[in-house]
Amino acid sequence: MYLKNLKLWNFRKYGNLAPFNLAEPNLDLDFSKGVNVLIGQNDSGKTAIIDAIKLVLKTHSYDWLKIANDDFYMESDRLRIELILVDLDPEEAKHFTEWLGWDKKVGEEAKCFLRLIYDVRRNIADNRIFPSDVKAGVDPVGYQLTAEAREFIKTTYLKPLRNAQSELVPRINSRLTQILQEHEAFRGRNNDHLLVGLFNDFNISVEKYFLGFANNGVPLPSVEQKGKELKKEIDGYIRSFYDEKKESLFGVKGNNLKNILEKLELSIKDEINPGLGTLNRLFMASELLHLRKKNWTGIRLGLIEELEAHLHPQAQMQIIEALQEDTEIQLVLTTHSPNLGSKIKLENLILCSNNYAFPMGKEYTQLDNGDYEFLERFLDATKANLFFAKGVIMVEGWSEEILLPAIAQRLKEQNIIQKNLTEAGVSIVNVASTAFQRYAKVYLRKKNLRNKIEIPVAVITDVDIRAFQETIMTGEDGKPHKVYTKKDMSSVETESIAEITKLKAKFDKDNVKSFIARHWTLEYALLKSPSLKTIFIEALMEVHQKIEPNNIEAELGKKLINKTLYKTELAYKVASKIEKQTVCAIAEDDAGIKYLVDAIKYVCND
């Protein structure tokens, strides 16, 4: 049995003020059997999804869960949560016989499912929430679940910013005690457990010590008789304060299994003063015991918020690798870590954005099998930040990545845009190649899906139509020499327009838009820029000091063809000059770099 689907109506940010319509949930989200990772920028609705699941299923840790007024979307007077559990085997299904539905597809055997419903209303006038409980069934209202049935749908929940140290220390009703009591090693046993006998033996030894005897009844040496003296002093006070017939008894209270488990502490062997990261991993290991219980015929679902809490990147990746290998359990995680985003299989990610959630599985995106294989190999942590952005600029090299923030900042200073890239939450993703289409398709949904990802994605690339050509000519010495001559600019312009049209047809879909250099490459575009030409030439002369100043355009063309241009260093120089020179103004309609300006304006929502 696993959680297949979650539907939300007017729950927190997943809602609207239109008339309530059961046929149109504000979120309709499918989960996969194994690991599901909710990823996205802050306040994108990840925790709301976790909390909705918890409110319906409840938790093994008996967290206090109750609908509050803040759970309703704005001024709505009704919210609803529905969960669909599928793949119930006979042993699991027997707990829910009277609430099950049946799904019959053509050519397939009918399969049972369990639909859970939590429908809550309130009086807007006084914000009074009417009592409601989780129901189940195939009709819109459902029927009350029994307490026994509810036990088999409880989930294991690990909260964010968990204080693992306090959860693992001995105390009455500690979380560790609750976990151990549910395990088959202890469940259903009390006074007859082996641990009770061991503690009784220990207490007998302690009692003998304070009487001055060893286990075998032999009196202890004089140096060990201090315990007997201590007991004698206490007994004197007890008899005077209480009763002449009473005396003290030292020992560990362990007359039943629960008392004993409350005294156990879990730690790592040979670890001295372990840090929060180690304790966090230990706590997760103990909590996840619920998901591996033998002879358990309930759901095996774990909810983990912010898996990365107190963990360094290597530890995060080690844990997620282990969790992805466990095919017997289902997990729903949240994360803000690009390291985890790069390590998790793409089809296991769920992108939360614009008040919706978008699974990245093959049945939802326009990625094909080859795209998934490519991205899983090359989607490292530096590129995984695209899942946390409000806007994305994809570039093919370091030069654009270095230069764009400086240009955006200057545009902001000139009031052409309201926010720079950082303030607008924009990530620059350097794909280090021309494989834009593979990355861009992450944001493109199947045509039959109603909801589309609205994050603006700008693809910046070069037109790559050369303005110069290389020819071999025989010199006066009779030897062949390379000669670089400028091509006919009208033919270059024609080729460029055709190539731009071709590239736009390739990339421009839905929220993904291409911005293409009209002039050959970024560097050639900078040379043709009225706003940045002077700065660019200064930087070029500093980086390539032997260049001929009287023939800059030809020298640049030569270096671009021969691939001898120090592009990264040149970009640093230009960016630095833009930042330092207050007199440098960038025209919004600059013919050379208009494609960069337009890309920045698009992702910054200007």
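Any read-out appearing in this document is the output of simple, stated calculations on the displayed coordinates, not a laboratory observation. Everything numeric in this text was worked out from a predicted model, so none of it was measured. Neighbour counts run over all protein chains shown; Cβ positions are idealised from the backbone, glycine included.
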- Task: Would you count, across region 167-261, every pair of lysines whose alpha carbons are under 28 angstrom apart, provided the pair is eight or more residues apart or spans two chains?
- Result: 23
- Query: Dipole of the chain, Cα-centred, from +1 at each Lys and Arg C-beta and -1 at each Asp and Glu C-beta, to the nearest 20 debye?
  - Reply: 440
- Query: Between Leu230 and Cys584, what is the label-to-label distance in nm when each label sits 7 Å out along the Cα-to-Cβ direction?
  - Reply: 7.6
- Query: Of Trp520, Trp64, how do they rank once you tally other Cβ atoms within 10 Å and put the fewest first?
  - Reply: Trp64, Trp520
- Note on the structure: Restricting to aspartates and glutamates and to Cα separations under 15 Å from Lys502, and discarding same-chain partners fewer than 8 apart, the set is Asp462, Asp464, Glu493
- Task: Below 21 Å Cα-Cα, how many Lys pairs turn up in region 77-155? Only count pairs eight or more apart in sequence, or on different chains, if you could.
- Result: 6
- Sparse-neighbourhood loop hits (trypsin sites (Lys or Arg not before Pro), region 440-479; DSSP loop; Cβ within 10 Å at most 11 others) -> Lys446, Lys447, Arg450
- Item | Per residue Cα convex hull volume in Å³ - calculated over region 159-318 | 188
- Spacing of the two label points (7 Å from each Cα toward its C-beta) at Phe213 and Asn385, in nm: 7.3
- Query: Between Ile407, Met394, Leu194, whose Cα lies farthest towards the positive end of the dipole of the chain when Lys and Arg beta carbons carry +1 and Asp and Glu beta carbons carry -1, centred on the Cα centre?
  - Reply: Leu194
- Using alpha carbons only: equivalent-ellipsoid semi-axes of the chain, gyration tensor based, whole Å: 64, 34, 22
- Give the calculated FRET efficiency between Gln181 and Leu249 to the nearest 0.05, with a Förster radius of 22 Å applied to their Cβ-Cβ distance. 0.25
- Quick one: divide the alpha-carbon radius of gyration of region 167-261 by 2.2 N^0.38 Å and tell me what you get. 1.38
- Query: What is the Cα convex hull volume of region 462-606 when expressed per residue in Å³?
  - Reply: 135
- Item | Selected from Met473, Trp99, Gln316, residue furthest toward positive end of dipole (the chain; charges at beta carbon) | Trp99
- Query: Simple spin-label model, 7 Å along Cα-to-Cβ: Val141 to Asp464 in nm?
  - Reply: 6.5
- Item | Calculated Rg and Dmax of region 21-129 using C-alpha coordinates, Å | 16.6, 53
